[in-house]
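**Q** Shown below is the structure under consideration.
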Amino acid sequence: MSTNTSILQDTVTIYFEDEPLTVPADISVAAAVLGPGHAGHTGKNPVKGDNRAPVCLMGVCFECMMEIDGVPNQQSCLVTVREGMKVKRQNAMREKY
Amino acid sequence: MQEQYDLLVIGAGPAGLSAASAAAENGLDVILLDEQELPGGQIYRSVSGRNARKNFLSKEDRKDGMELVGRFNKSGAVYLPKTTVWDAEPGRVLCSTDGTAREIKAQCIVVATGAMERPVPFSGWTLPGVMSAGSADLLYKSAGFVPHGPVVIAGNGPLIPLVTNHLVELGVEVAGVLDTSPIQNKAVSMLHMPLALVDVPFLLKGLKMVVNMFRSRVKQYMGASDIKAEGDGQLNRVTFTHKGETKTIKAATLLVHEGMLPRTHVSRMLKLEHAWDKTQRYWYAKTDQFGRSSRDSIYVVGDGQKVHGVYAAAAKGELAGIDVARRLHVISESAAQRQIKPLKKRLYKALAPRGFVDAFFAPKKGLFDIADDVLVCRCEGVTAGDIRQAVKEGCHDVNEIKLRTRCGMGPCQGRMCGGALAEIAASALGSEVPNVGALNIRPPIRPITVRELRDFPEAQ
């Protein structure tokens, strides 16, 4: 059921914070920005505002949430890189009530 | 597409793959849902990927994983990857694939959600650069990357020697291993040694791992305590107490590991009966030997039920698959018995060393005696002091504390803080964890969009 369109391609280029980043195909966005991207952090905690980065890489910790192709709150460890994908750190603070 | 099945399996690790394979081979219509893109679970993550030959350091593991995946691919079961379950009840599951929601009906459900590492809060654990030890393994298996060095590895559990050896083999600078295991574990575990001798090769494998770690000449600090991650917006150094002295090691990555526990969000959302394991200090779904839970038609198998390791998980999954085939009358009782007998033998052998392993790596007393200023709930910024204050003000149940403090209300829905919350509250009350309850797990157990809710048929 899963179709892998990147099978003929060894690498893809994504845009991390608007900078092109060429990474192996079929890896997760979290792995891409942690590895070749040297991202350091992947976003800020919306309550405290401090830097955060992935902890578990298996969908548990939710610290890897990033904005992917304009959609916020994506668990980047569960999303596979795709040619031309736009990835941004998530830095929004929660509004105070 | 057909959306009605005999059996729906959640999780494509060793247990889920085995359950789905056994049921499909016996003639059932089976669908298997998994969050990852490729089957294998975490232990065999990306094992069928194009770089597995390079990224699996153990040929034996790769072979075992490929066998499970190969058998599943031939079984006729339907595979639905990149799919997250966010609601379930007997007879049906609601899930999303790439942001599109759907309902899938099934007569039986096998929950095989696997294990995770026990999150234990400490000062600085939210700093980028601090990760779980298992994540380093997953990063390499799935992407062929190693964490930035120098790396410090800290904690007590089976992944400490494994990950240390792997990183050394890959040429990563490991600046130190901070062993937090209590010395009495070694003595207590020996009581379980006689039964463990049923599986000598398993014990030798473990022993070899520990010997290799010593041979690697990585500096080990036995009985390290008061571990702190420090740095300005990024990990820079690790400080700790060793033999009464405060020490500091420069580090770009700190890998922490305090053992494994079952991932129970699905089984708890289903309101299955759970029990508390006193040695390993975790909740697990109560089942019989076939994985049948307290609710009819729901099964829980593998490390998501109780952490018994990969070989036990595969055997338990297969037993559940056969039992479903038997109850839905696609195979006779005698045919079922023929399949069950060798599996029970396999399971007995796989379970034999577990008493020893569980005692050897038991979480130490006082593991959750965390300073008041340490963040417990990473998402909502709730400290251990906030939890203790809520207890002082009269909250005696974790769900009351959650309402008072927001601990467990963030995106991870208590996956990272739920255990620590209960331990800290129980300790503040001079009580035991089962007396302070467990966080209520309600659907949706994953953050979903309003559109996903809207697309779900009953809402229309």
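**Q** Name the long-range amide H neighbours of B:Val110: under 5 Å, sequence gap of 5 or more, or other chain; modelled H, no Pro or chain starts.
**A** Excluding prolines and chain starts, which carry no amide H, the hits are B:Leu8, B:Val9, B:Ile10, B:Tyr299.
**Q** Please give the contour-minus-distance gain from B:Trp276 to B:Leu197: 0.36 nm per residue of separation, less the Cα-Cα distance, rounded to one decimal in nm. Don't skip to the end; give the middle numbers.
**A** Details: separation 79, 0.36 × 79 = 28.44 nm, distance 2.67 nm.
Working it through step by step, the gained length comes to 25.8 nm.
**Q** Which whole-Hz ³J(HN,Hα) couplings does the stretch B:85-95 yield from phi under the Karplus relation 6.51 cos²θ - 1.76 cosθ + 1.60, θ = phi - 60°, glycine and proline marked x?
**A** Calculated HN-Hα couplings, in order: 7, 10, 8, 7, 8, x, x, 7, 9, 10, 8 Hz.
**Q** So for chain B, averaging the separation of alpha carbon pairs under 8 Å that are six or more residues apart and normalising by length, what relative contact order in percent results?
**A** 19
**Q** Still on this model: Using DSSP to define loop residues, name the trypsin sites (Lys or Arg not before Pro) in the stretch B:209-249 whose beta-carbon has at most 12 other beta-carbon atoms within 10 Å.
**A** Sparse-neighbourhood loop trypsin sites (Lys or Arg not before Pro): B:Arg217, B:Lys219, B:Lys243.
**Q** In chain B, what cysteines have no partner Cβ closer than 4.7 Å?
**A** Cys with no partner Cβ under 4.7 Å: B:Cys95, B:Cys108, B:Cys379, B:Cys395, B:Cys412.
**Q** Report the relative contact order of the stretch B:375-436, percent, no decimals, based on alpha-carbon pairs under 8 angstrom and at least 6 residues apart.
**A** Normalised by residue count, the contact order of the stretch B:375-436 is 37 percent.
**Q** Name the residues whose placed amide hydrogens come within less than 5 Å of the amide hydrogen of A:Ala39, ignoring near sequence neighbours (fewer than 5 apart) on the same chain.
**A** The answer is A:Leu34.
**Q** Right, next: In debye, nearest 20: dipole of the protein assembly as shown around its Cα centre with unit charges on the Cβ of K, R (+) and D, E (-)?
**A** Dipole magnitude for the protein assembly as shown comes out near 1240 debye.
**Q** Counting only C-alpha contacts under 8 Å and six or more residues apart, can you give the relative contact order of the stretch A:11-88 as a whole percent?
**A** Contact order relative to length: 37 percent.
**Q** Still on this structure, I have one more. Where a Cα-Cα gap under 18 Å defines reach, which lysines qualify for B:Lys306, not counting those fewer than 8 residues away within the same chain?
**A** B:Lys271, B:Lys278, B:Lys286, B:Lys316, B:Lys344, B:Lys349
**Q** Separate question: Please list 3J(HN,Hα) in residue order for the stretch B:287-301, calculated via the Karplus relation 6.51 cos²θ - 1.76 cosθ + 1.60 where θ = phi - 60°; whole Hz, with x for glycine and proline.
**A** Working through the residues one at a time gives 9, 8, 5, 9, x, 5, 8, 6, 10, 4, 6, 10, 10, 10, 9 Hz.
**Q** Collect residues whose amide H, placed 1.01 Å from N in the peptide plane, falls under 5 Å from the amide H of B:Ala175; neighbours closer than 5 in sequence don't count.
**A** Close amide H contacts, sequence-distant or interchain: B:Val151, B:Val152.
**Q** A further question on this structure: Any idea how far apart B:Glu169 and B:Asp226 come out in nm if each label point goes 7 Å out from Cα toward Cβ?
**A** 3.7
**Q** For the stretch B:62-147, which GluC sites (Glu not before Pro) pass both filters: DSSP loop (anything but H, G, I, E, B) and at most 12 other C-beta atoms within 10 Å?
**A** When the GluC sites (Glu not before Pro) of the stretch B:62-147 are filtered for loop state and at most 12 Cβ neighbours within 10 Å, nothing remains.
**Q** For B:Lys208, list the aspartates and glutamates whose Cα falls under 20 Å from its own Cα; do not include residues on the same chain fewer than 8 positions away.
**A** B:Glu60, B:Asp61, B:Asp64, B:Asp137, B:Glu169, B:Asp179, B:Asp199, B:Asp358
**Q** Next question, about the same structure. Rounded to the nearest 5, what % of the DSSP beta bridges within the stretch B:84-242 are antiparallel ones?
**A** 65
**Q** Return the FRET efficiency for the residue pair B:Arg454, A:Tyr15: r is the Cβ-Cβ distance, R0 is 30 Å, and the value is rounded to the nearest 0.05. Mind showing how you got there, number by number?
**A** Working: r = 31 Å, r/R0 = 1.02.
So, using R0 = 30 Å, E works out to roughly 0.45.
**Q** Full extension from B:Lys208 to B:Lys59: what is 0.36 nm times the residue separation minus their Cα-Cα distance, to one decimal in nm?
**A** Working it through step by step, the gained length comes to 52.0 nm.
**Q** Helix B:159-169 sits at what angle to the longest principal axis of chain B, using alpha carbons and giving 0 to 90 degrees rounded to 10?
**A** Once rounded, one gets 80 degrees.
**Q** Note the full-extension length gain between B:Thr241 and B:Lys365 as 0.36 nm times their separation in residues minus their Cα-Cα distance, in nm to one decimal.
**A** Working: separation 124, 0.36 × 124 = 44.64 nm, distance 1.71 nm.
Gain on stretching B:Thr241 to B:Lys365: 42.9 nm.
**Q** Once phi is turned into ³J(HN,Hα) by the Karplus curve 6.51 cos²θ - 1.76 cosθ + 1.60 with θ = phi - 60°, what whole-Hz value does each residue of the stretch B:402-409 show in order, with x for glycine and proline?
**A** Computed from phi, the couplings for the stretch B:402-409 are 4, 5, 6, 10, 6, 4, x, 9 Hz.
**Q** Could you run the numbers on buried accessible area between A and B, total for both chains, 1.4 angstrom probe, in Å² to the nearest 100?
**A** The contact between B and A buries close to 3300 Å².
**Q** Show that you can apply the helix-only estimate: for the protein assembly as shown, add -39,500 (n - 2.57) for every DSSP H stretch of four or more residues, divide by all residues, and state [θ] at 222 nm to the nearest 500.
**A** -9000 deg cm²/dmol
**Q** Also: Show me the trypsin sites (Lys or Arg not before Pro) within the stretch B:301-399 that DSSP assigns to loop and that have at most 13 other Cβ atoms within 10 Å of their Cβ.
**A** B:Lys365
**Q** Report, to the nearest whole %, how much of the accessible area of the protein assembly as shown belongs to carbon and sulfur atoms, 1.4 Å probe, protein only.
**A** Percent of accessible area from carbon and sulfur atoms in the protein assembly as shown: 53.
**Q** With the cut-off at 23 Å, tell me which of the pairs A:Lys44/B:Lys247; B:Lys219/B:Lys365; B:Lys247/B:Lys364 have Cα atoms farther apart than that.
**A** Checking Cα-Cα distances, A:Lys44/B:Lys247; B:Lys219/B:Lys365 exceed 23 Å.
**Q** I'd like the orientation of helix B:310-327 relative to chain B: the angle between its Cα long axis and the longest Cα principal axis, in ° from 0 to 90, rounded to 10.
**A** Helix B:310-327 sits roughly 30 degrees off the main axis of chain B.
**Q** For the protein assembly as shown, report the accessible area per residue in Å² (1.4 Å probe, heavy atoms, rounded to an integer).
**A** Accessible surface, normalised per residue, equals 43 Å².
The values are calculated or read from the model by the stated rules, or taken from the named source; none is laboratory data. Keep in mind that this is a model prediction, so the values were computed, not measured. Positions of Cβ are generated from backbone atoms using ideal geometry, with glycine treated the same way; all protein chains shown enter the neighbour counts. When the accessible area is computed, the model is the full protein with side chains, heavy atoms only, and any ligands, DNA or RNA have been set aside. Shrake-Rupley method; radii C 1.70, N 1.55, O 1.52, S 1.80 Å.
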